[in-house]
Amino acid sequence: MRGEKAALEQALQKATAALLAELNAAGHWEGELSSSALSTATAVIALGKVDAAEHAGLIAGGLRWLAATQNADGGWGDTVQSKSNISTTALGWAAFGASCADAEYGATVARAVVWLRRDALLRVPDFPLRDDEAGDGDTTERVPPRLLAAAIADRYGKDRTFSVPILMTLALSGRIGWEHVIALPYELAALPHQLFGALQLPVVSYALPALIAIGQTIEHHRPTRNPLTGFLRRLTRGKTLRVLESIQPPNGGFLEATPLTSFVTMSLAAMGEIDHRVTRRGAIFLRSSVRADGSWPIDTNLATWATTLAIKALAHQPAALTPEQRLTLREWLLGQQYRVEHPYTHAAPGGWAWTDLPGGVPDADDTPGALLALLALGTVEPETRMAGLAGVRWLVDLQNRDGGIPTFCRGWGALPFDRSSPDLTAHTLRAWSAWLPQLEGAAEQRTLRAIQRGLAFLKKRQRTDGSWLPLWFGNEHARDDENPLYGTAHVVIALRELHERGFQTGELFHRGAEYLATAQNDDGGWGGAHGIASTTEETALAVEALAGTAEVAATDRGAAFLVARVASGTWREPAPIGFYFAKLWYYERLYPLIWTVAALGRVRTVEALLTAPAGK
């Protein structure tokens, strides 16, 4: 037993030192997101549409990176560790077509065609191929555009946030005809933003730039035959372009996301708007965000998110951060809070985004993260209290009628991405309950009611096996890309903290903890679900959630798994567990460090409490 404690302590100190070493010169964490084939392909196409000659070097570098990172099966995944998927493979294939590089990269392109045709037929096996599309058994011939369009639409269902941009990009690259691209009602963006939630747009709340730009270029290349619709689109074209310009951040990057910025940039350039301010700024963003190896990441950084996660992880070790570091982090976090209405989503003041860069948008995962981090940093002086109260109010105002918390906007429920989700609700409940001692009067009563409504939502969304499904993280090797481990771990952590603060969470909490214990793999670790390969990140989340519960054996085995990984040096290898936007995967280099520190720190804290002398 003494040896196990010593090994745990050694692993915790090693992980903590590694995490602290990642603090940047400004005193916070920035991290590093994985490079992305999807981002690289779309950036290459966008820069080519703007000016292929000017961007020849960047285009060539991107194509070389894509060819070098193609999976053995001929497809591409969203990260170099990800399995091939139809969306990223189609976009990679499109990049070579748009760049007139099929001959130069003949083998790469041929392998992609084979993969696409095979996967599309598997996805829609009953698709009625015509004689001219069936081929003669040589699958290297071609990918029938009708089949490819049907397969991509099948992947996303009625959510057109990604299916239409992908199809448009394929059309712009000459891979399919415009008749296969579904129109988008960009004219609706001319209406007051207060109506967007009620309009049930075919794209999610964050995708307004794509709705406008892609909708316009589709109309440009394939005008509607409906005279009334055509009149409305011509009438609103200028106004919606002005809306697009008004919501573009000063650095040009919509949401700091390469794919979204690329889709907008290529759309405008492809209909002759190369000199438009949005196009020029989009190209500047893409040029500035390319990496030395020729690739682009899925997003610039998750600095605010990574920093709040790290602060919370270190909260189990009060002496880990110096007073000077705490002060620096507090001031930096306070500086990231939005103090005015956000021009993109029209979010009220009080929230936090995932990044400190201009493309961020306040959301309901980073705001509770910041609220919890501010408390973990120590004394709540007047400025922190004022910021915290504004953040608490921002989240209460965001709560949906069902009691759950959405990501960006209240009341957008047409598509799954915009609906209430258990992981965001759990994170928010943690923040609300932690800030209750700072509240009084009407604010306290309103927050208490919000907590009860949130608990009722979690009760309704708990599955029969005791688990909860998250929105923002998945596992591409699990059924339907789900990650019940991530969702359940975060809900269990929230329920445990609520119980400690006097709320009734018994049955929900115990069933959730039992699910986590039964989902443990034979090696002592966890993946996204039982039987999925164990990762450092998912194991650490489960251990942090279970430490201090009745599931002692599972906790001990999980902690031993982490300790062994730290000792072997394999613990720092990130896994693609991110379920980012619409089936878009990524990984973050800091996740295994952060969550290992949180898990082992929590285990040590619980053990110290259990072994403390009576009365201590």
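Apply 1/(1 + (r/R0)^6) to the Cβ-Cβ distance of Leu610 and Lys83, taking R0 = 51 Å, and write down the FRET efficiency to the nearest 0.05. Please report the intermediate quantities before stating the final value.
Details: r = 42 Å, r/R0 = 0.83.
Working from the Cβ atoms, E equals 0.75.
Give me the extension gain from Ala72 to Cys100: residue separation times 0.36 nm, minus the current Cα-Cα distance, reported in nm with one decimal.
Values: separation 28, 0.36 × 28 = 10.08 nm, distance 2.32 nm.
Between Ala72 and Cys100, full extension yields an extra 7.8 nm.
Measure nothing fancy, just the Cα-based angle from helix 382-398's long axis to the longest principal axis of the chain, in degrees from 0 to 90, nearest 10.
Once rounded, the angle reads 60 degrees.
Give me the net charge for the shell around Arg237: Cβ to Cβ below 14 angstrom, other residues only, Lys and Arg +1, Asp and Glu -1. Before the final figure, lay out each step's value.
On the way: positive: Arg233, Arg234, Lys239, Arg242; negative: Glu187, Glu219, Glu245, Glu273.
Taking every other residue near Arg237 into account, the sum is 0.
Please compute the per residue accessible area over the chain with all protein chains in place, 1.4 Å probe, rounded to a whole number of Å². Intermediate results must be reported in sequence, preceding the final value.
Details: 23420 Å² over 616 residues.
On a per-residue basis, the chain sits at 38 Å².
Tell me the Kirkwood radius of segment 442-492: reciprocal of the mean inverse pair distance over distinct alpha-carbon atoms, in Å.
After inverting the mean inverse Cα-Cα distance, the result is 12.3 Å.
For segment 25-154, with equal point scatterers placed on the C-alpha atoms only and solvent neglected, what are the log10 I(q)/I(0) values from the Debye formula at q = 0.12, 0.20 1/Å, to two decimals?
Summing over Cα pairs of segment 25-154 leads to -0.50, -1.12.
Suppose accessible area is computed on protein heavy atoms with a 1.4 Å probe; arrange Arg330, Arg123, Arg565 from highest to lowest. Could the numbers behind the result be given before it?
Working: Arg330 30, Arg123 80, Arg565 60 Å².
Heavy-atom accessible area, descending, gives Arg123, Arg565, Arg330.
What relative contact order, as a whole-number percentage, does segment 38-144 give when Cα pairs under 8 Å and 6 or more residues apart are counted?
Working: 114 pairs, mean separation 25.3, N = 107.
Relative contact order for segment 38-144 comes out at 24 percent.
Counting only Cα atoms, I'd like the Rg/Rh figure for segment 521-616, Kirkwood definition for Rh.
We get a ratio of 1.03 for segment 521-616.
How large, in percent, is the carbon and sulfur part of the accessible surface of segment 202-345 at a probe radius of 1.4 Å?
Working: 3090 of 5450 Å².
Ligands and nucleic acids excluded, carbon and sulfur reach 57 percent.
Over the Cα atoms of the chain, each weighted equally, I'd like the Debye log10 I(q)/I(0) at q = 0.06, 0.07 Å⁻¹, rounded to two decimals.
-0.32, -0.44
Roughly speaking, what is the stretch gain from Glu381 to Glu324, that is 0.36 nm per residue apart minus the C-alpha to C-alpha distance, in nm to one decimal?
Value of the extension gain: 19.0 nm.
Could you check the spin-label model distance between Ala456 and Arg419? Points 7 Å from the Cα along Cα→Cβ, value in nm.
1.9 nm
Which lysines does Lys460 reach when only Cα atoms under 26 Å apart count, and residues fewer than 8 places away in its own chain are ignored?
Here the lysines satisfying the reach criterion relative to Lys460 are Lys158, Lys583.
Run through every distinct alpha carbon pair of segment 414-483 and return the Kirkwood hydrodynamic radius in angstroms, one decimal place. Please report the intermediate quantities before stating the final value.
Values: mean 1/r = 0.0730 Å⁻¹.
By the Kirkwood definition, the hydrodynamic radius is 13.7 Å.
How much net charge surrounds Thr428 when only other residues with a Cβ under 13 Å from its Cβ are counted (Lys, Arg +1; Asp, Glu -1)?
-2
Which translational diffusion coefficient, to the nearest whole µm²/s, is obtained for segment 321-372 from the Stokes-Einstein equation, given a Kirkwood hydrodynamic radius over C-alpha pairs, 25 °C and 0.890 mPa s? Before the final figure, lay out each step's value.
Working: Rh = 11.5 Å.
Approximately 213 µm²/s, per Stokes-Einstein.
How large is the direction-averaged shadow of the alpha-carbon convex hull of segment 286-335, in nm²? Mind dumping the intermediate values first?
Details: hull surface 20.4 nm².
For segment 286-335, the mean projected area of the Cα convex hull comes to 5.1 nm².
Kindly state, to the nearest 0.05, the FRET efficiency for Asn226 paired with Ala6, given R0 = 51 Å and r defined as their beta-carbon distance.
Rounded to the nearest 0.05, the efficiency is 0.10.
Counting C-alpha atoms alone, how compact is segment 485-567: give Rg to one decimal and Dmax as a whole number, in angstrom.
Answer for segment 485-567, Rg first and Dmax second: 12.2, 40 Å.
Please give the length that would be gained between His530 and Asp131 if that part of the chain were fully extended, namely 0.36 nm times their separation in residues minus their C-alpha to C-alpha distance (nm, one decimal).
Values: separation 399, 0.36 × 399 = 143.64 nm, distance 4.42 nm.
Taking 0.36 nm per residue and subtracting the Cα distance, the gain is 139.2 nm.
Would you kindly calculate the mean projected area, averaged across all directions, of the convex hull enclosing the Cα atoms of segment 156-307, in square nanometres?
Working: hull surface 41.9 nm².
Mean projected area for segment 156-307: 10.5 nm², to one decimal.
Measure nothing but the geometry: give the 0 to 90° angle between the long axis through the Cα atoms of 145-156 and the longest principal axis through the Cα atoms of the chain, rounded to 10°.
Orientation of helix 145-156: about 20 degrees from the principal axis.
In whole angstrom, how long is each semi-axis of the equivalent ellipsoid of segment 93-167, when you take the square root of 5 times every eigenvalue of its Cα gyration tensor and sort them from largest down? Walk me through the intermediate numbers first.
Details: eigenvalues 89, 65, 17 Å².
Over the Cα atoms of segment 93-167, the semi-axes work out to 21, 18, 9 Å.
For every other residue with a beta carbon closer than 14 angstrom to the beta carbon of Glu54, add +1 if it is Lys or Arg and -1 if Asp or Glu, then tell me the sum.
On the way: positive: Lys49, Arg280, Arg287; negative: Asp51, Asp275.
Overall, the nearby charge balance is +1.
Step by step: find N for segment 355-508, compute 2.2 N^0.38 Å, then divide the Cα radius of gyration by it. What's the final number? Mind dumping the intermediate values first?
On the way: Rg = 15.3 Å, N = 154, 2.2 N^0.38 = 14.9 Å.
Relative to the 2.2 N^0.38 Å estimate, segment 355-508 comes out at 1.03.
The values are calculated or read from the model by the stated rules, or taken from the named source; none is laboratory data. All of these numbers come straight from a predicted model, not from anything done at the bench. Note that each Cβ is placed from the backbone with ideal geometry, even for glycine, and that neighbours are counted across all protein chains shown. Note: areas computed on protein heavy atoms with side chains; ligands, DNA, RNA excluded. Shrake-Rupley method; radii C 1.70, N 1.55, O 1.52, S 1.80 Å.
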